[in-house]
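Engineer: Okay, handing you the structure first.
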Amino acid sequence: VSPPETPSWRDLERRIVACRRCPRLVAHRERIAREKRRAFRDSPYWGRPVAGFGDHRAELLIVGLAPAAHGANRTGRMFTGDRSGEWLYDALYVAGFANRLDSTNRGDGLVLRNAFVSAIARCAPPDNRPAPDEIERCRPFLVAEIESLTRLRAVVVLGRMALDGFLAAWTEARGPLNPPRPRFRHGASFALGGRGAVTLFISYHPSQQNTFTGRLTRRMLRGVFRRAATLLAQQP
Ligand code: SF4
């Protein structure tokens, strides 16, 4: 049984879901929700910003890029209802962080154990690419999540933009990074500076661009989460 929500998490989620600070993204997410994809024409679309999802006492944080137009922008839960989510939750399940390997909708019973999934931008962007000013405007939400995840010991970033966005948020929340500054390379890991001993793992994003081309395989993605699980199984 999960502990009751604390007011600060509830408030944060309310603030995220109500946000309209990026006009381009507000217009896009709402247009997608009105027009819908043919396959989902009978389902309601969320069409709003998407808050982080998972265990508020997590030691592992996963940071993606932004909701997919017909994935999280439809279902209202991070990485839920799209192909990227199928890959991510499969890897989380195999590594013991999730109770099921698929993530189809908010009522599917998926529970994350010791893991919390978030992103550097909360609204579905055109062409899956939030602009730099939109990422910056959205950063306070990730900073607030990092500050609230007081037991963090590991972070997995999915993709190069998520790495950069996460590092900016991390520095704001926890202080300066240890040199050398982490550079993007799938499978690389770094000890982050700032408060607490936290290890950063870097992965390609499980986007179709990467999974269709074979740049990222299931084995590669599962491997990253297995390493994070091994680290967390050791005493801090
Ligand atoms: S991307 Fe972030 S800051 Fe911009 S409107 Fe969405 S929730 Fe607000």
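The values are calculated or read from the model by the stated rules, or taken from the named source; none is laboratory data. Source: prediction; values computed, not measured. Glycine gets a Cβ as well: all are built from the backbone with ideal geometry, and neighbour counts include every protein chain shown. Just the protein is used for accessible areas: all its heavy atoms, side chains included, with ligands, DNA and RNA removed. Shrake-Rupley method; radii C 1.70, N 1.55, O 1.52, S 1.80 Å.
Engineer: Explain nothing, just compute: Karplus ³J(HN,Hα) = 6.51 cos²θ - 1.76 cosθ + 1.60, θ = phi - 60°, for every residue of the stretch 219-236 in order, whole Hz, x for Gly and Pro.
Structural biologist: Couplings: 4, 5, 5, 4, x, 5, 6, 5, 5, 5, 5, 4, 4, 6, 6, 7, 5, x Hz.
Engineer: Sticking with this one: Just how far, in whole angstrom, is the stretch 141-216 from the stretch 1-72 if you go by their alpha carbon centroids?
Structural biologist: When both Cα centres are located, 20 Å separates them.
Engineer: Here's a follow-up. First check a/c for the chain, with a ≥ b ≥ c the square roots of the eigenvalues of its C-alpha gyration tensor; if it is under 1.5, answer rounded, and if not, answer prolate when a/b is larger than b/c or oblate otherwise.
Structural biologist: Values: a/c = 1.40, a/b = 1.29, b/c = 1.08.
Cα axes put the chain in the rounded bin.
Engineer: Same structure, new question: Let me make sure I get this right: for the stretch 73-131, a, b and c are the square roots of the gyration tensor eigenvalues over alpha carbons, sorted descending. Under 1.5 in a/c it's rounded, otherwise prolate if a/b > b/c, else oblate. Which is it?
Structural biologist: Because a/c hits 1.5 or more and a/b exceeds b/c, the stretch 73-131 counts as prolate.
Engineer: With an 8 Å cut-off on Cα pairs and a minimum separation of 6 or more residues, tell me the relative contact order of the chain in percent. Before the final figure, lay out the partial values.
Structural biologist: Values: 442 pairs, mean separation 47.2, N = 236.
For the chain, the relative contact order is 20 percent.
Engineer: Give me the dipole magnitude in Debye, nearest 20, for the stretch 46-174 about the Cα centre, with unit charges on the beta carbon: positive for Lys and Arg, negative for Asp and Glu.
Structural biologist: Values: 16 positive and 15 negative charges, 47 e Å.
In total the dipole reaches around 220 debye.
Engineer: Let me ask something else. When the Cα atoms of the stretch 1-109 are enclosed in a convex hull and the volume is divided per residue, what value in Å³ results?
Structural biologist: Working: hull volume 12.7 nm³, N = 109.
Measuring per residue, one finds 117 Å³ for the Cα hull of the stretch 1-109.
Engineer: Apply the a/c threshold of 1.5 to the C-alpha gyration tensor of the stretch 121-178 and tell me whether it is rounded, prolate or oblate. Mind showing how you got there, number by number?
Structural biologist: Values: a/c = 1.90, a/b = 1.74, b/c = 1.09.
The shape class here is prolate.
Engineer: With every protein chain present, what accessible area does ILE202 have (1.4 Å probe, heavy atoms only), rounded to the nearest 10 Å²?
Structural biologist: 0 Å²
Engineer: For the ranges 81-91, 63-73, what's the packing order if you count other beta-carbon atoms within 10 Å of each residue, average per peptide, and put the highest first? Don't jump to the answer; show the numbers that get you there.
Structural biologist: Details: 81-91: 22.6, 63-73: 25.7.
Highest to lowest by the protection proxy: 63-73, 81-91.
Engineer: Okay, next question. Calculate how many DSSP beta bridges within the chain are antiparallel, expressed in % of all such bridges and rounded to the nearest 5.
Structural biologist: Details: 7 of 21 bridges.
So the antiparallel bridges in the chain amount to around 35 percent.
Engineer: Pop out the ³J(HN,Hα) list for the stretch 77-84 in order, Karplus 6.51 cos²θ - 1.76 cosθ + 1.60 with θ = phi - 60°, rounded to Hz; leave Gly and Pro as x.
Structural biologist: So the J values, rounded to whole Hz, are 10, 3, 6, 10, x, 9, 5, 4.
Engineer: Still on this structure, please answer the following. Can you show me the helix-derived [θ] at 222 nm for the chain, built from DSSP H runs with n ≥ 4 at -39,500 (n - 2.57) apiece and divided by the number of residues, rounded to the nearest 500. All intermediate terms of the calculation are to be shown ahead of the outcome.
Structural biologist: Working: 8 runs with 94 residues, N = 236.
So the helix-based figure for the chain works out to -12500 deg cm²/dmol.
Engineer: Quick one: putting +1 on the C-beta of Lys and Arg, -1 on the C-beta of Asp and Glu, what dipole do you get for the stretch 185-236 around its Cα centre, in Debye to the nearest 20? Can you show the working numbers first?
Structural biologist: On the way: 8 positive and 0 negative charges, 29 e Å.
That gives the stretch 185-236 a dipole magnitude of about 140 debye.
Engineer: Right, here's the next one. Compute the Rg/Rh shape ratio of the stretch 64-181: radius of gyration over Kirkwood radius, all on alpha-carbon atoms.
Structural biologist: Radius of gyration relative to Kirkwood radius: 0.96.
Engineer: In debye, nearest 20, what is the charge dipole magnitude of the chain about its Cα centre with +1 on Lys and Arg Cβ and -1 on Asp and Glu Cβ, if you could check? Walk me through the intermediate numbers first.
Structural biologist: On the way: 39 positive and 21 negative charges, 76 e Å.
Once rounded to the nearest 20, the dipole reads 360 debye.
Engineer: Still on this structure, please answer the following. In the chain, with Lys and Arg counted as +1 and Asp and Glu as -1 at Cβ, which of these residues, PRO125, ALA115, ALA162, has the Cα nearest the positive end of the dipole, that is, farthest along it?
Structural biologist: Toward the positive end, the furthest listed residue is PRO125.
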